Each structure stands twice: as C-alpha cells, then as structure tokens.
Amino acid sequence: MACFLVSAAEAVVVTAAAQIMKNSEMKADSQKLAKKAAVETKQEKHLPWSKKLMILAQLLWGGAFLLCFEHIWHGEVVPWFPFLTAMNDPGDTAEMLHEMSTIGVTMAIIVTVTWAIMMFVADRIMERPDTKPQKAAA
C-alpha cells in the first residue's frame, strides 16, 4: 500500500547526504590544489563517496517511483486527499503501517546491501593494477 514511502524517505536522506559530501569533496579538492607544489602524487583510482551515494539514491528513487506507479495502477494511491486509500479506514491504516515496517524496510535494506556489494566490487576492480599486454616492437 505505501511501502514505496520507506524507499523514498531513504532516498531523500541519501540525496541530501550526497550533496553535502559533494560540497565537502569539492572544498577538499580545492584545498589540495592550493597546497600542491612541485611534488607529483600518484593518481588515486576510486569513486568519490558523493558519486557512490548518488548511485544509491538513484537506485532508491527508481524503486520508489516504480512501486508508486504500481500502487497507482492498482488503485491504492489516488490523486485526491488523503492520497493513500488505506488512510480512509483505521484498520487499513494499521495494515499499511505494518506493510511499511516489514516489506518497505526489507526492500530498502536489500537495495542498500546490494549497493554496498556493488561498491565493494567496483572498488576492487578499480584498484587492480593495469594489466594491458605490452606490444612488442617489431
């Protein structure tokens, strides 16, 4: 009924955190550039946290929109107040809250864990040394 609201709420928080992280990374990068002297440092190969968080936010927003569409399709979400048909009856409201606390939270956790695994694998792939074969001079 309203399980998509859990993913949407997490997506709002993650999007805000990603924007805050992006601003702090830009500030840190500008400070690094100011302090950088003639000493060259090797290029770090990794995804910045702001980009990782935006990937999570996009996964959560996509899931929330898809679930919202599905609930609209089935008539559980309507374009008039109170928007959720389960809000009309106290018994249905209790069932909706139970669904949000079980199914909604479980879906949000699964998406977040899947994202964490994806980021772990992506970091390992990006840390690999460059293994392109060298062409022999003919």
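Here the simple spin-label model places points 7 Å from the Cα toward Cβ, and for A94 and I117 these points are separated by 3.7 nm. Couplings 3J(HN,Hα) for the range 112-120, derived from phi with the Karplus relation 6.51 cos²θ - 1.76 cosθ + 1.60 (θ = phi - 60°), are 5, 5, 4, 4, 4, 5, 4, 5, 4 Hz, where x marks Gly and Pro. Report the longest stretch of the chain that contains none of the GluC sites (Glu not before Pro) sitting in a DSSP loop with at most 10 other Cβ atoms within 10 Å. For GluC sites (Glu not before Pro) (loop position, at most 10 other Cβ atoms within 10 Å), the longest site-free span of the chain is 45-138.
Labels on offer are [x] 18.4; [y] 15.6; [z] 17.5, and the one holding Kirkwood radius over Cα pairs in Å computed from this structure is [x].
For the chain, what is the accessible area per residue in Å², given a 1.4 Å probe and the full set of protein chains? Could the numbers behind the result be given before it?
On the way: 10220 Å² over 138 residues.
Counting only protein heavy atoms, the per-residue value for the chain is 74 Å².
Here the chain is scanned for trypsin sites (Lys or Arg not before Pro) in DSSP loops (not H, G, I, E, B) that have at most 14 other Cβ atoms within 10 Å, and the longest stretch holding none of them is 46-134.
Springs join every pair of Cα atoms under 10 Å in this Gaussian network model of the chain, and among M119, M87, M96 the largest mean-square fluctuation is at M87. Measuring nothing but protein heavy atoms, the accessible surface of the chain at 1.4 Å probe radius is 69 percent carbon and sulfur.
The values are calculated or read from the model by the stated rules, or taken from the named source; none is laboratory data. Just so you know, these numbers come straight off a predicted model, no measurement behind them. Backbone-built Cβ (ideal geometry, glycine too); neighbour counts: all protein chains shown. Quick note on the areas: whole protein, heavy atoms, side chains included, nothing else; ligands and nucleic acids left out. Shrake-Rupley method; radii C 1.70, N 1.55, O 1.52, S 1.80 Å.
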